[in-house]
Amino acid sequence: MTACFALRPARRRDALPIAEVQVAAWRSAYRDFLSDALIDRMSVSDREKAWARILDGFAESGRGACFVAECEGRVTGFLSVGDQRDEDLRAAFPGEITALYVAPPDQRLGIGSALMAAGARELRAQGHEAAALWVLSENAGARGFYEALGGEKAAERIDNRPEGGMNELAYGWGSLSDLAARA
């Protein structure tokens, strides 16, 4: 399968397709290492409302951005970026890649790499030369993807709740130049 996609800044009306991609990606990627209850609780309706608020916030503040990948008018993936929210990472990685999801049938076509490059360029335009993101420790596929793009392990969060939780690794890019230069 060949990639047919174009990137563009997300608009508020993209909240629904962004939510659909996110929920589909969660259900596909995380089913093996997150509880069914947590996965099943995630709804397109709730995510759509959250993304509408996020997109409105980006528009109002001018801080942060979201990009979508489209193929024949269908959103196939998205990425959002902004100022680093994690206090422990802020000094070394002032920018943050807050979300990256590609619809399961559209994965491994270069969409994620193209979105990461667009996000790196946007972060640089907002004055950030370094950025990090969080990924579930168990998500070997995503970890391999970020490592292939030059991300290096920067931090770890262990969730010790008795009912189980989400352990995460932060991947960081000390310089966004190479990531931004990707096609």
Testing A91 on (1) under 27 Å from G174 (Cβ atoms); (2) touching a strand residue (DSSP E or B) at 6+ places or on another chain (Cβ under 7 Å), one condition comes back false. Which one is that? (2)
Selection from region 146-174 of residues that are modelled with pLDDT of 95 or more and assigned to a loop (DSSP other than H, G, I, E, B): L149, G150, G151, G174
Matching residues, region 1-12, being more than 13 Å from C66 (Cα to Cα) and assigned to a loop (DSSP other than H, G, I, E, B): M1, T2, A3, C4, F5
In region 119-133, what residues are part of a loop (DSSP other than H, G, I, E, B), surrounded by fewer than 18 Cβ atoms within 10 Å (Cβ to Cβ) and either among the β-branched types (V, I, T) or at negative phi (or both)? Q126, E129
Just to verify a result, which residue in region 107-118, among those that are closer than 16 Å to V75 by Cβ and buried (at least 19 other Cβ atoms within 10 Å of the Cβ), is modelled with the lowest pLDDT? L109
R143 being within 26 Å of L38 (Cβ to Cβ) and at pLDDT 95 or above: yes
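The values are calculated or read from the model by the stated rules, or taken from the named source; none is laboratory data. This one's a predicted model, so the numbers in the text were calculated from it and none came from an experiment. Here the Cβ is made from the backbone with ideal geometry for all residues, glycine too, and neighbour counts use every protein chain on show.
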